[in-house]
Amino acid sequence: MSFTEQTYRELEAVVGRRNISRDEYILAGNRAKTPEIPFAHKSAEAIVLPGSTEEVAEIMRICKRWELNYVAYVTACLPTAYASKEDTILIHLKRMNRILEINEEDRYALVEPGVRHVQLYPEVRKRGLSYAPPAVGPGGSPMVSYTCTGGDNHVQYGTSRPTRYLLGVELVTPDGEILRTGSLQADEGWFCPESPGPSLRGVVKGYSGNAGRIGIVTKCAIALDVCKGPAEIRKEGVSPHHKMFMDGGLSRVYVFNYTSMQDVCDAILALGENEVGATVQKYFYLPLALMMTDSANEFWEKWGDFKKIFPMPLVVHIAAGSVREREYEERILFDVVRETGGTRIPREIEKWWEEHMDYFMIVCRLQSVLRLGGSWFPNKAYAESTQVMCNVAESVDGFIYDYTDTGKIFDAPKNIQIIPMEYGHFASSELLFMWDRNDPDGFAHMREFTMASAESDRRHHFNEYSMYGKEWAEKITKAFS
Amino acid sequence: MADLNKFRYTIESCNHCGQCKWLLPGRMYGWDFASVCPIHDYYNFDAYSGQGMLNLAGEIMNGTLPHGEKLAEMLHTCTACGACDVNCKNVRDMEVLDTIYELRKDCAEAGFLPESRKKTAENVVKNHNIYGLPHEQRFSFLPEDFKDDPEADTVLFAGCSVYKHPETFLAAVKILRAGGVKFRVLKEDEWCCGASLWRMGDWEDAKELIVRNTEMFREMGIRTVITACAECFGSFRSGYPRFVETAFETKHISQVALELLRDGKLKLSKDELPVTACYHDPCMLGRLSETYIPWEGEIKSYGLHVPEKQWRRGEHGVYEPPRELLNAIPGLKLVEMPRSREESLCCGQNASDMDPDFAKHTAEERRREASASGADTIVSCCPFCREALDAQDEYKLQYLDLTELIADRLAEEVES
Ligand code: SF4
Ligand code: SF4
């Protein structure tokens, strides 16, 4: 069946006239190519803006009845937020934007999809709590970050990845049924992702997030951590030079450089064993250089120096409950760094970090990688033990120079980050690379490089990046079916 | 001629992150008052946002979407407030607002300009003011014996709003006189600054007017233009250099008043003014007032601009002088709204001709924010913001024009 006048009228009856459109210009507003892909998305038949779970359920029933495809989205940042087939409607969840509860006692926030990080984050901070903000910018949806994407984050060293922070979820199935998972199933509230009976976690979020789920999440609870920083962060300046300061007595940032990946990993493991640091990251040097400069031109001016100063930076943020605790952690940190051969980088670079704490600010600035034209792609975005991640990082040298030295991708061969989680018990990695959008072969180079990276993973028996793991996915499917 | 290809890099760099719609982390506040794009806030569809406008521009540029009335309507309902531009430029090298301007121009050239905008353009061309009122009435409120200094190289530019609010102009006169500034008034020679023309995309008429004004300033030996109107200020600084080389400096009356105050040439009354005020940054005095620096060149691989481009990211708008003046008033307590300075929420007035309900909603939203900040008074210095924000409603805020307020608080009375 296809999208008809009748379909439109039925959808309109659900959301009201103001919240549906098939105007050619409104549709075009959600039909563009993203810098990563060289082709435009298909056009949706209509865009609907539901205001409640019940409306979403009704829309799903209509989609089922008329055999329509649907794509639910909030920010449209990922290429999956667009129509890819005929007869598709876009379900924009913007209007469902309430923070329904911030439970300080059980430490969770209950949100609808349209709530943005810039709304939730300060609300939880005011209450002395925090959560891991992923690098999507202020307009990203916490619910989407926690239910739809792979979602490693930069503060997971002292915490963990978002998957572990997802509690009760309300989801509308493609049949229009409203499903509640976790403790909600037993009417026990939102605090727990599990309940007696079969786990429904996988229904909400497989390993690969939105690629592995059906249905639309309409509410979810996110677990919160106690925040070691001040409830109100001191802010200064005017964009693009906003600054945010943590209490200098309790909070410090140190950036060290290393020459060997194994040494960095040894440092990460040693710090983890001692539970030192609130955040520890083997950061990627290209985004760091971009974040610290004001324009692409300034980046180009300084990149040569930055490459020499911090090719392998280890960032350690100490956030303590008292000055004594901070000093104690610093002593261990310096011992570890000395033993593992790290060197402190110039003060002005550390100062940049100090002026941009906390991590919400930092991860929002990470968007500046798009300053180089926007064509980027992550590789090796998976998690394993810290040592395996170290091996993964070391393996990159084996294939990347064929691409960086020939200009097929941006010349930043060491641009892999390793972010330990749960005090180094395991870690995630991301090899972020860019290609030249002006180059007609840029996209082909991206694919070629990604295949080479996957091939290297297979050779080394690493966890292959899911998107390119078709061969393995097929084998597994065959075995299990 | 409009050429959207000039903005291809911007259009194709957008990754639809949505940062153009939401408050930046450096100003984060809470759940409330977090959106910065007034049209997106009201209409909800992404097409109504910087992000959506770039998508539209891309399709028009590539010829996959026709021009049309509805497109023009959407484009002109956008208040061109530039919040999207500043937010995007927080981390990127993109020209979101200039792309919107170019798309407006492109549409206008294709014959699609909303009727109300056509009327405004006609008014400016025929009567030299946006309202279409008789030109000879522009300064008719001035007393017969009004004296300026015809030899001065500084001009006090009134702007079209002088028809509606001559008291603001007189207040500026009072401040300048009290500070001993020599200035002249153009009277019948003063025509509209042209802001509405170039901002609506009527490039041809705008150019004619701007060349005329600039030439006149040159002939008169004008070196400094002072204005109390945010729109004129922003137009002189960020609009004129798009058309001509300007040889004059533009100052806002708040900058001048602050200089005079610091130099001890102005004194404020010691009488207390017991109000809690918040200051609303007008877009054209704040983030959009940075001097436009023309750039032509090539964007090479990975964003390298050759020659180097001077970016206008909203950082150097006039933010502090109005605040410093307010802080200098005894008894006045200044509080801040969450969306302030470069992240100020537009008052919506710019689109009141396109959709009065939207404009009303946006103005109300701003007053709600002012009230939530604890203010009983909202101060600004733009005649258009005044129209939006000076209202009687549940928030019970009084509106004060900054220029009039300062003039009113001068310690020494000067005859105007
Ligand atoms: S215009 Fe800029 S801020 Fe807005 S979505 Fe595009 S890239 Fe993001
Ligand atoms: S200029 Fe203002 S109203 Fe227009 S899209 Fe940008 S933020 Fe929204």
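The values are calculated or read from the model by the stated rules, or taken from the named source; none is laboratory data. Predicted model, so just to flag it, every value in this text is computed and none were measured. Because the Cβ atoms are built from the backbone with ideal geometry, glycine has one as well, and the counts that use them run over all protein chains shown. Ligands, DNA and RNA are stripped out before the accessible areas are found, and what is left, the full protein with its side chains, is counted by its heavy atoms. Shrake-Rupley method; radii C 1.70, N 1.55, O 1.52, S 1.80 Å.
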At R0 = 45 Å, FRET efficiency that the Cβ-Cβ distance of A:Glu105 and A:Glu448 yields, to 0.05
0.25
At q = 0.09, 0.12 Å⁻¹, what is the log10 ratio I(q)/I(0) for region B:116-262, with the Debye formula run over Cα points and no solvent?
-0.25, -0.46
Quick one: Debye curve from the C-alpha atoms of chain B, no solvent, what's log10 I(q)/I(0) at q = 0.06, 0.08 Å⁻¹?
-0.23, -0.42
Say the cut-off is 29 Å between C-alpha atoms; which of A:Lys243/A:Lys282; A:Lys307/A:Lys351; B:Lys118/B:Lys174; B:Lys105/B:Lys126; A:Lys243/B:Lys309; B:Lys147/B:Lys333 go over it?
B:Lys118/B:Lys174; B:Lys147/B:Lys333
Give the average, rounded to an integer, of partner chain Cβ atoms located within 10 angstrom of each Cβ in B:82-91.
4
Out of every Cα-Cα pair in region A:78-166, what percent are more than 18 Å apart?
47 percent
Specify the inter-centroid distance of region A:310-352 and region B:126-198, based on alpha-carbon positions, in whole Å.
61 Å
Just to confirm my numbers, what's the Cα centroid distance between region B:268-329 and region A:391-436 in Å?
40 Å
Okay, helix-only estimate at 222 nm for chain B: each DSSP H run of n ≥ 4 adds -39500 (n - 2.57), divide by all residues, round to 500 deg cm²/dmol; what do you get?
-11000 deg cm²/dmol
Using the Cα gyration tensor of the protein assembly as shown, the equivalent ellipsoid's semi-axes, largest first and to the nearest Å, work out to 49, 32, 27
For chain B, with a Gaussian network of springs between Cα atoms less than 10 Å apart, report the residue from B:Trp295, B:Trp22, B:Trp203 with the top mean-square fluctuation.
B:Trp295
Cross-link reach from A:Lys94 to aspartates and glutamates, straight Cα distance under 14 Å and at least 8 residues apart if same chain, gives A:Glu55, A:Glu112, B:Asp41, B:Asp46
Which value in deg cm²/dmol, rounded to the nearest 500, describes the helix-derived mean residue ellipticity at 222 nm for chain A, given -39,500 (n - 2.57) per DSSP H run of n ≥ 4 and division by the residue count?
-10500 deg cm²/dmol
Averaged over the residues of A:74-80, the number of partner chain Cβ atoms within 10 Å of each residue's own Cβ comes to 4
From highest to lowest solvent-accessible area (probe 1.4 Å; ligands, DNA and RNA excluded), A:Glu86, B:Glu394, B:Glu231 read B:Glu394, A:Glu86, B:Glu231
Region B:341-416: which trypsin sites (Lys or Arg not before Pro) are DSSP loop and have at most 14 other beta-carbon atoms within 10 angstrom?
B:Lys396
Of B:Gly50, B:Gly286, B:Gly63, which has the largest mean-square fluctuation in a 10 Å C-alpha GNM of chain B?
B:Gly63
Picking from A:Ser453, A:Met434, A:Gly424, whose Cα lies most toward the positive end of the charge dipole for region A:241-466 (charges on Cβ: Lys, Arg +1; Asp, Glu -1)?
A:Met434
Are there trypsin sites (Lys or Arg not before Pro) in region A:300-346 that DSSP puts in a loop and that have at most 11 other Cβ atoms within 10 Å, and which ones?
none
Mean shadow of chain A, computed from the convex hull of its alpha carbons, in nm²?
23.8 nm²
Answer with one residue from B:Gly30, B:Ala108, B:Cys81: the one whose Cα lies farthest towards the positive end of the charge dipole of region B:1-113, charges on Cβ with Lys, Arg +1 and Asp, Glu -1.
B:Gly30
Helix A:296-309 sits at what angle to the longest principal axis of chain A, using alpha carbons and giving 0 to 90 degrees rounded to 10?
50 degrees
Sorted list, accessible surface of protein heavy atoms, 1.4 Å probe, largest first, for A:Glu170, A:Glu36 is A:Glu36, A:Glu170
What is the angle, in °, between the Cα long axis of helix A:53-66 and the longest principal axis of the Cα atoms in chain A? Nearest 10 is fine, range 0 to 90.
60 degrees
Per-residue accessible area for A:Met1 at 1.4 Å probe radius, Å² rounded to 10?
120 Å²
Probe 1.4 Å - accessible area at B:Asp263, Å² to nearest ten:
100 Å²
Evaluate the distance, in nm, between pseudo-label points positioned 7 Å from the Cα of A:Asp335 and of B:Glu296 along their respective Cα→Cβ axes.
6.6 nm
Sequence gap at least 6, Cα distance under 8 Å: using those rules, report the relative contact order of chain B to the nearest whole percent.
18 percent
Put A:Asp405, B:Asp148 in order of accessible area, largest first, probe 1.4 Å, and you get A:Asp405, B:Asp148
With a 1.4 Å probe and all protein chains kept in place, how much accessible area does B:Lys164 have, in Å² rounded to the nearest 10?
100 Å²
In order through region A:2-10: 3J(HN,Hα) via Karplus (6.51 cos²θ - 1.76 cosθ + 1.60), integer Hz, x for Gly, Pro
9, 6, 10, 4, 4, 4, 4, 4, 5
Sticking with the crude label model, points 7 Å out along Cα→Cβ, report the distance from A:Ser2 to A:Val226 in nm, one decimal please.
6.2 nm
Given region A:368-472, report the % of alpha carbon pairs whose separation exceeds 16 Å.
56 percent
Estimated buried accessible area (total), pair A and B, 1.4 Å, Å² to nearest 100
5700 Å²
Quick calc, chain A, dipole around Cα centre from Cβ unit charges on Lys, Arg (+) and Asp, Glu (-), nearest 20 debye, gives 640 debye
Rounding to the nearest 20 debye, state how big the charge dipole of the protein assembly as shown is about its Cα centre with +1 on each Lys and Arg Cβ and -1 on each Asp and Glu Cβ.
860 debye
Low-density loop GluC sites (Glu not before Pro), region A:171-274, at most 13 other Cβ within 10 Å, DSSP non-H/G/I/E/B, are A:Glu177, A:Glu188, A:Glu232
